[in-house]
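Here the structure comes first, spelled out in structure tokens, and everything after it is commentary.
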Amino acid sequence: MAAVAVLLFALAACAAPFKADVSRFQGELPAPAGQTFAVVADDPDLAGGLEFAQYARVLSDRMAKLGYVPSNDPAAANLIVRFDYGVDTGRERVRSSGMGGMGGYWDPWYGYGRYGFRSRGYWGGPWQYGWYDPFFDRGIDSYTVYTSGIEVKIDRATDGERLFEGRAEAVSASNRLQYLVPNLVEAMFTNFPGNSGETVRITVAPEKK
């Protein structure tokens, strides 16, 4: 039975999509009409890194599809896009098989607090919207889940006024940023810019093995 449980977990990890909770707030963000933008690291520790540059290109490509124009020079851009991302170290989830729907120990949210997704440290405060558990009711007794997320802030370059803030977070069995960040970016810019102050749940594709 233990071997079967491990196999089921492995199959679920390969095939199950995760769903991102996306919250977006906007001010006087102009509709895409050829405005130039430059992506910069919101965390100084990421600035200039090759990994950040890879994910910044993903973000730039997605914004370009909307009608914005990428710029390599923040001093010459109309918009400054501040970008951050991360994944936590994971938490073990334990649930009694066949007891889904009960409270307490068998409740899928039991004992599960969110303290931030950054691999370089924790962001404070519990995430209030709720959670998607990709293995709930799959009969898995013990597994590890990871909280990942991105933050995007868009400022007007001329005066620094904040025009947009967005956060996308997900709980999944993967901690690979190479998989998570592009999917979270896709979730962030689905139906962009969205309704200000609204949190929506957007499904992203399962990880390909």
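When the residues Lys153, Lys19 are ordered by accessible surface, computed with a 1.4 Å probe over the protein chains alone, the sequence from largest down reads Lys19, Lys153. With the whole protein complex present, Tyr55 retains an accessible surface near 0 Å², based on a 1.4 Å probe. Between Leu50 and Thr190, the distance separating the two model label sites (each 7 Å from Cα on the Cα→Cβ line) works out to 3.2 nm.
Extension gain, Glu161 to Asp42: 0.36 nm times the residue separation minus the Cα-Cα distance gives 41.3 nm.
Heavy-atom accessible area with a 1.4 Å probe sorts Thr158, Thr144, Thr203, largest first, into Thr158, Thr203, Thr144.
The values are calculated or read from the model by the stated rules, or taken from the named source; none is laboratory data. Nothing here was measured: the structure is a model prediction, and the numbers come from that model. Because the Cβ atoms are built from the backbone with ideal geometry, glycine has one as well, and the counts that use them run over all protein chains shown. Protein only, heavy atoms only, side chains kept; ligands, DNA and RNA dropped before computing areas. Shrake-Rupley method; radii C 1.70, N 1.55, O 1.52, S 1.80 Å.
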